[in-house]
Amino acid sequence: MRLAVVGCGYVGLVTGSCLAEAGHEVIATDVDSARIGMLNVGRLPIYEPGLDRVMESASAAGRLRFTSDCAEAARVADAIFICVGTPPLDSGEADLSAIDNVARQIASAARSAKLVIEKSTVPAQTGEQLRHALQIYGRSNGAAFRVASNPEFLREGTAVGDFFHPDRIVVGVEDPESERQLREIYQPFLEGRFHCPVHEPKCPPAPGPVFLVTTIASAELIKHASNSFLGLKISYANVIADLCERLGGNVEEVTRAMGLDPRIGPHFLNAGLGFGGFCLPKDIQAFIRLAGKHGVDFGLLKEVEAVNKHRIEQFVEKVRRALWVVKEKTVGVLGLAFKPNTDDIRFAPAIDVVRRLIAEGARLRVSDPVAIERARSVLKGVEFVEDAYHVARGADALLLLTEWREYRELDWKRIHREMGRPLLLDGRNILAPAKMKELGFEYHSFGRPELSANPVLVSS
Ligand code: UDX
């Protein structure tokens, strides 16, 4: 099928490239012509593992191309995925102006019937507004539009694998033809008929995705409800971690046991600095606003948000307590991205921590395996360093703020040798307290018993 993808951000690029790799003919478009220029010479504007290979292979097969002409994309495609950004307004509501713009462009360019699919995360009832907008903007050219919602559940860092191996494909439709078209689009994924770019030579056996057909409003709600629930799990684990600190428990033991109950599940129960990124925080905020606007007080989610915001202060307080005086201390930071395998620093807890410590007069030396370039534009007055061992050199404290695998695997004995004072604050609970103690670190994390490297002996 001929498909168009409008918006070449992370969701649009993954969607367009994977659909093209699976056999569809895809034309992707963006208002940012510099971005299209980059894509046309095979350069990716974002870091997403595996996406370069998929894009290259789909382009080489002649199934993926890029244009800054949205009208052309809208004219040639049978189905159009809207993947533009819906950033938060000051009120916390989603800004839908890009969707409105795209609707206007599609409606005025189309000369034949189109299925227009919302892929961007949007509040419930956007589908209805979109259908109305397409009718109004396209009233003079006679093309008929059908609207559908097809929320994405892609995680940054593993988005390509998630696209090829989803747990569920949700399609919100209001007529059988839209359902048929969406089934056709996703048939290769439902039948496992694609060359998987993530698992070589063969994908591990797994149940195929559930193809779930719902109303448009349900599909829109599913996205917000799912992301908000993930945030809720994390904040819940974080409050349990606080309790463990007060009562002497170990949050890892508690959440592990909780997660063994299949009704709870083991994922998203890792305590630490909390969630960041461009999805969870903004989706929760938008969901709270949407509920409020329709007379439902989602107090539960307000608390999830409050717990998450407070993690930063709690961590900075741990740093203050451990360092005593923060001013003029050299503090090394490992990890700036909001999570591993991405260079995305939007709403990253690490960035907030760094800013707070700069404000308190510390000297910051920061690093990340891939996010340094992006961080340069938002962090001023810090020293950027590539090498983790260099970050530790002479430092009064080292903070671990993103759970990169590379950091778990560092030579911690060497880090210990490099540091001025072997003080390690692990904001992601990724290292083993007993091992760190053995190596001589003064080690602090969230909700796990503190083991001092030099225990004070109390004589009786
Ligand atoms: C999320 C959803 O998972 C995905 O389905 C949706 O399509 C987009 O939003 P993403 O933003 O890529 O994906 O990040 P995710 O993997 O969900 O992690 C979010 C944040 O939570 C990260 O900052 C991570 O470090 C943190 N986190 C995650 C925890 O603090 N604890 C956990 O147990 C899990």
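Residues in region 364-389 that are in contact with a Gly (Cβ under 9 Å, 6 or more places away or on another chain) and either more than 16 Å from the ligand (Cβ to nearest atom) or open to solvent by less than 30 Å² (accessible area, probe 1.4 Å) (or both): L364, R365, V366, S367, D368, A371, V385, A388.
Residues in region 408-419 include at least one that is open to solvent by less than 10 Å² (accessible area, probe 1.4 Å) and farther than 13 Å from L336 by Cβ. Please find, within region 131-165, the residue that is nearest to G208 (Cα to Cα) out of those that are in contact (Cβ under 8 Å) with a residue 40 or more places away in the chain and touching a strand residue (DSSP E or B) at 6+ places or on another chain (Cβ under 9 Å). Per the stated criteria, the residue is F153.
Here are some residues: E174, E152. Which one is charged (D, E, K, R) and within 30 Å of P340 (Cβ to Cβ)? Criteria check complete, one pass: E152. Inspection of region 342-356 finds a residue satisfying the criterion of being in contact with a helix residue (DSSP H, G or I) (Cβ under 7 Å, 6 or more places away or on another chain), away from the ligand (no atom under 14 Å from the Cβ) and under 20 Å from G274 (Cα atoms). Counting only residues that are within 12 Å of the ligand (Cβ to nearest atom) and not aliphatic (A, V, I, L, M), which one in region 316-341 is least open to solvent (accessible area, probe 1.4 Å)? Selected residue: G335.
The single residue among F81, F66 that is among the aromatic types (F, W, Y), touching a strand residue (DSSP E or B) at 6+ places or on another chain (Cβ under 7 Å) and touching a residue at least 60 places away in the same chain (Cβ under 8 Å) turns out to be F81. Filtering region 152-170 to residues that are more than 8 Å from the ligand (Cβ to nearest atom) and crowded, with 21+ Cβ neighbours inside 10 Å leaves V160, F163, F164, I169, V170. Only a single criterion out of (1) open to solvent by 20 Å² or more (accessible area, probe 1.4 Å); (2) assigned to a loop (DSSP other than H, G, I, E, B) is not satisfied by E313, namely (2). Candidates in region 35-61 are the residues that are over 27 Å from R193 (Cα atoms) and more than 24 Å from the chain's Cα centre (by Cα); of these, the one that is surrounded by the fewest Cβ atoms within 10 Å (Cβ to Cβ) is V41. Among the residues making up region 189-210, a single one is open to solvent by 30 Å² or more (accessible area, probe 1.4 Å), touching a residue at least 40 places away in the same chain (Cβ under 8 Å) and not in a loop (DSSP other than H, G, I, E, B): V210.
Against the definition (under 26 Å from the mean Cα position of the chain (by Cα) and more than 12 Å from the ligand (Cβ to nearest atom)), how does G127 come out, yes or no? Against the criterion (under 26 Å from the mean Cα position of the chain (by Cα) and more than 12 Å from the ligand (Cβ to nearest atom)), G127 qualifies.
Residues in region 397-409 that are touching a residue at least 60 places away in the same chain (Cβ under 8 Å), more than 20 Å from E313 (Cα to Cα) and either hydroxyl-bearing (S, T, Y) or more than 16 Å from the ligand (Cβ to nearest atom) (or both): Y407 only. Note on region 226-255: among residues that are of a type in the set (G, A, S) and either farther than 25 Å from G276 by Cα or open to solvent by 50 Å² or more (accessible area, probe 1.4 Å) (or both), the one that is nearest to the ligand (Cβ to nearest atom) is G249.
Only one of S178, S149 is surrounded by 13 or more Cβ atoms within 10 Å (Cβ to Cβ), over 16 Å from E21 (Cβ atoms) and touching an Asp or Glu at 6+ places or on another chain (Cβ under 6 Å); which? Working first, answer last.
Details: S178 fails: touching an Asp or Glu at 6+ places or on another chain (Cβ under 6 Å).
Residue meeting the stated conditions: S149.
The values are calculated or read from the model by the stated rules, or taken from the named source; none is laboratory data. What you see is a predicted model; the values in this text were computed from it and never measured. Backbone-built Cβ (ideal geometry, glycine too); neighbour counts: all protein chains shown. Heavy atoms of the whole protein, side chains included, go into the accessibility calculation; ligands, DNA and RNA do not. Shrake-Rupley method; radii C 1.70, N 1.55, O 1.52, S 1.80 Å.
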